[in-house]
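Below: the structure, in structure tokens.
Every number here is computed from the coordinates shown, using simple stated rules; none is lab data. Here the structure is a predicted model, which is why all the values come from computation and not from measurement. When we count neighbours, we look across all protein chains shown, and the Cβ atoms used for this are built from the backbone with ideal geometry, even at glycine.
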Amino acid sequence: MRRISFLLLGLSALLSLHAQNLKVTVTNPSDFQRQQVVEISLQKVQQQMDIDAGAPLCVKNALGQVVTSQITHDGKLLFEAAVHPNGRSEFTLEAISTPMKEEKSAFGFVAKTRKDDLSWENDRSSYRVYGPPLRRTGEKAYGVDVWTKSTPHLVNTDRYRIDHEGNIVKDSLRRMKKDDEWKTVNLATSFHLDHGDGLDCYGVGPSLGCGAPALFLKNQLLMPWCYETVNILDNGPLRFTAEFVFGSANNESLSTLLSSLPSIKQHRIISLDKGSNYNRCEVWYDEIPSEAALAAGIVIHKADTTSLKMTSSSILYADPTDRPKELGTQLYVGVLFPDAVERTTFLHDPQGDIVGNAIGMKTYTAGQHFVYYFGSAWSAADVRSFREWQLRSEEYLEALKAPMKVTLVKE
């Protein structure tokens, strides 16, 4: 009798949970296939399902399989949806008793072994911005760095660890003047070499790198330097989000103009979703000179100055990598402006292998929040040519302007 009672109680609980199910329909308004992370107001879901805040949920597809989901810091329920052109897909939300453990496809961390880099990645690409210890060394690395990936799995934690351990061994071999052994260890451990899942082959230096924002003053950029503070808001499994505060790089030619505003701070919120080649970036300043404009863009290198494509909505470039002859691959980078910018231009600023920065600009008032997107792909991974990168970026921009529609219906 006791066993039967437990079974009846369990069945009753299952029926109770089933009674609270909510059907979700995701509609694709585009004439091309869409697969992306979609979001719903968590509060709206809880109200319609009549469940308490904090109650765990799961999302199931039309076949009854559980799909990965996530609750974000700003009250969104996320899940990934694949939808045919001009079609729709159906999902079901269920209340469950215990939160599910799900594999992460978006993740970031502060790399303490590498001068506090803030490193983040998803299943397609990887990025980093430089931390306060690097600024204290005086190294001029201003923009966003890109690391290539050829695997959907998270790799940055291992890359940092292996590179760090290799550096310790290499330093010891250097002191003993064992050059051959040093080279052998470097070939096996450096994240500047591809060990089967991608590498760091992008040159940033004193530039915007891939998509950093900056103020535009007196026909030049007031570059952000390393971040001063960072707060990770979401850390997978589907979305990574971090909020940063950046200081500005020293700029002697603007020193007089900026003397009355010595503490200009740039605020950024960056997020990256599973399956996306592009990060969302929201940027604002609390205080700026009245004549400043806001810019965002990408660095252009001497090895390729012809592939740059600029419109009011996008800046796209086939970066030749930092070792064009040795690597033979291309790193595709881009910045997208869904609301368009007032002007795009190329700023000639030769430094080493850098020619300058291609930027989009808009009139800006302190306190405004400006949203744009920056991203990348690698010719040895999911995007094989610059032509394909242009098409993917064009469709991404179209998708931003025509988001998939998510509707909720009680079962």
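Once the Cα-Cα distance is subtracted from the 0.36 nm per residue extended length, the Leu408 to Gln48 segment shows a gain of 128.8 nm. Modelled label positions at Lys218 and Glu282, each set 7 Å beyond Cα in the direction of Cβ, lie 3.3 nm from each other. With both labels modelled 7 Å from their Cα along Cα-to-Cβ, the Arg323 to Ala82 distance reads 3.7 nm. Only lysines eight or more places from Lys410 in sequence, or on another chain, were considered; those with a Cα closer than 24 Å are Lys23, Lys44, Lys60, Lys76. Our note on the geometry: Cα centres of region 363-410 and region 314-338, 16 Å apart. Counted residue by residue at 0.36 nm each, then reduced by the alpha carbon distance between them, the extension gain from Glu165 to Thr363 reaches 66.6 nm. Among the listed pairs Lys149/Lys177; Lys218/Lys362; Lys101/Lys405, give every one whose C-alpha distance is greater than 23 Å. With Cα atoms farther than 23 Å apart: Lys149/Lys177; Lys101/Lys405.
Residue ranges 374-380, 35-41, 398-404 sort as 374-380, 35-41, 398-404 when ordered by packing (mean number of other C-beta atoms within 10 Å per residue, highest first).
For Ile270, what charge total do you get from the other residues with a beta carbon under 9 Å from its beta carbon, if Lys and Arg give +1 and Asp and Glu give -1?
Net of charged neighbours comes to 0.
Working note: 222 nm ellipticity from helices only, DSSP H runs with n ≥ 4, each -39,500 (n - 2.57), summed and divided by the residues of the chain, gives -6500 deg cm²/dmol to the nearest 500. Residues of region 136-176 with an amide N closer than 15 Å to a point placed 7 Å from the Cα of Ala188 along the Cα-to-Cβ direction: 162-174.
For region 330-396, what does the alpha-carbon gyration tensor say about shape, rounded, prolate or oblate, given a ≥ b ≥ c as the root eigenvalues, a/c under 1.5 as rounded, and a/b over b/c as prolate?
Oblate.
If you add up the charges near Val371, with Lys and Arg at +1 and Asp and Glu at -1, over every other residue whose beta carbon is less than 10 angstrom from its beta carbon, what do you get?
Working: positive: Arg280; negative: Glu282, Asp339.
It works out to a net charge of -1.
Taken over the C-alpha atoms, region 285-411 has Rg and Dmax values of 17.3, 63 angstrom. Taking square-rooted eigenvalues a ≥ b ≥ c of the alpha carbon gyration tensor, is region 260-302 rounded, prolate or oblate, where a/c under 1.5 means rounded and, failing that, a/b exceeding b/c means prolate? Taking the square roots of the gyration eigenvalues as a ≥ b ≥ c, region 260-302 is oblate. The reciprocal of the average 1/r between distinct C-alpha atoms defines the Kirkwood hydrodynamic radius, which for region 22-151 equals 17.5 Å.
Taking a ≥ b ≥ c as the square roots of the eigenvalues of the Cα gyration tensor, region 104-208 is classed as oblate, since a/c reaches at least 1.5 and a/b does not exceed b/c.
Once both labels are positioned 7 Å from their Cα atoms along Cα-to-Cβ, the gap between Glu291 and Glu394 label points is 4.0 nm. Between Asn219, Val169, Ile96, the Cα set farthest toward the positive side of the dipole of the chain (charges on each charged residue's Cβ, about the Cα centre) is that of Ile96. Assuming charge only on the beta carbon of Lys and Arg (+1) and of Asp and Glu (-1), the dipole of the chain about its Cα centre is about 480 debye to the nearest 20.
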